[in-house]
Amino acid sequence: MNWFILILAGLFEVGFTTCLSKAKESAGTTATLWWIGFIVSLCMSMWLLSRAIQTIPMGTAYAVWTGIGAAGTATVGILLFREPTDFWRMFFLFLLIASIVGLKFASK
């Protein structure tokens, strides 16, 4: 169950970085809503991470959390913000994902 909580925390990390990027592009009420989304996502991500490290080793949990956030944010950047998808960027993105999966299996 705590691995599911950790994955959810990583997804909220993707949420807060996406909201941060959208907030800087927006103005007025729209920007305020993105900032609220940022704060809610940030709080949820930290709270879920703190729950996950109760049973998952801290170093492993933090590495997986940041890895999910980095891979997820890069994917959102590619899909929503039209960031480049050259060979080396995609190679290292898949390598990061493989490393996250490896950490999960190595922490038994």
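If you go through segment 22-29 one residue at a time, do you hit one that is of a type in the set (Gly, Ala, Ser), surrounded by 18 or more Cβ atoms within 10 Å (Cβ to Cβ) and either more than 21 Å from Phe105 (Cα to Cα) or in contact with a Ser or Thr (Cβ under 8 Å, 6 or more places away or on another chain) (or both)? Full working, then the answer.
Looking only at segment 22-29, we keep the residues that are of a type in the set (Gly, Ala, Ser), and these are 23, 26-28.
Okay, now just the ones that are also surrounded by 18 or more Cβ atoms within 10 Å (Cβ to Cβ), so 23.
This time we only want the ones that are either more than 21 Å from Phe105 (Cα to Cα) or in contact with a Ser or Thr (Cβ under 8 Å, 6 or more places away or on another chain) (or both), so: 23.
Yes, that holds for at least one residue.
Residue by residue through segment 1-37, note down the ones that are free of Cβ contacts under 8 Å to residues at least 12 places away in the same chain and aliphatic (A, V, I, L, M).
Taking segment 1-37 first, the residues free of Cβ contacts under 8 Å to residues at least 12 places away in the same chain are 1, 4, 24-33, 36.
Met1, Ala27, Ala31, Leu33, Ile36, listed by residue number.
With respect to Val64, is the statement that it is of a type outside the set (D, E, K, R), within 20 Å of Ile97 (Cβ to Cβ), in contact with a Lys or Arg (Cβ under 8 Å, 6 or more places away or on another chain) and part of a helix (DSSP H, G or I) true? First the steps, then the outcome.
Details: of a type outside the set (D, E, K, R): yes; within 20 Å of Ile97 (Cβ to Cβ): yes; in contact with a Lys or Arg (Cβ under 8 Å, 6 or more places away or on another chain): yes; part of a helix (DSSP H, G or I): yes.
So Val64 fits the description; yes.
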* To do: Could you figure out which of (1) surrounded by 11 or more Cβ atoms within 10 Å (Cβ to Cβ); (2) more than 18 Å from Thr17 (Cα to Cα); (3) of a type in the set (A, V, I, L, M, F, W, C) isn't true of Trp88?
  => (1)
* Structure fact -> The residue that is nearest to the chain's Cα centre (by Cα), considering only those in segment 15-30 that are polar (S, T, N, Q), assigned to a helix (DSSP H, G or I) and over 17 Å from Thr75 (Cβ atoms), is Thr30
* Filter segment 76-108 for residues that are among the β-branched types (Val, Ile, Thr) and in contact (Cβ under 8 Å) with a residue 24 or more places away in the chain and give the result. => Val76, Ile97, Ile100
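A quick yes/no check of all residues on (1) farther than 15 Å from Ile5 by Cβ; (2) among the β-branched types (Val, Ile, Thr); (3) out of contact with any His (no Cβ under 9 Å at 6 or more places or on another chain):
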{"residue": "Ser26", "(1), (2), (3)": "yes, no, yes"}
{"residue": "Leu33", "(1), (2), (3)": "yes, no, yes"}
{"residue": "Arg51", "(1), (2), (3)": "no, no, yes"}
{"residue": "Val64", "(1), (2), (3)": "no, yes, yes"}
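Results for (1) exposed (fewer than 14 other Cβ atoms within 10 Å of the Cβ); (2) in a helix (DSSP H, G or I); (3) among the hydroxyl-bearing types (Ser, Thr, Tyr), shown as yes or no for each residue.
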site	(1), (2), (3)
Glu13	no, yes, no
Thr32	yes, yes, yes
Phe38	no, yes, no
Met46	no, yes, no
Leu49	no, yes, no
Ile56	no, no, no
Gly59	yes, yes, no
Ala70	no, yes, no
Phe105	yes, yes, no
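Bear in mind these aren't lab numbers, they're just calculated from the coordinates by the rules spelled out. Just so it is clear, the structure is predicted and the values come from calculations on it, not from any experiment. Here the Cβ is made from the backbone with ideal geometry for all residues, glycine too, and neighbour counts use every protein chain on show.
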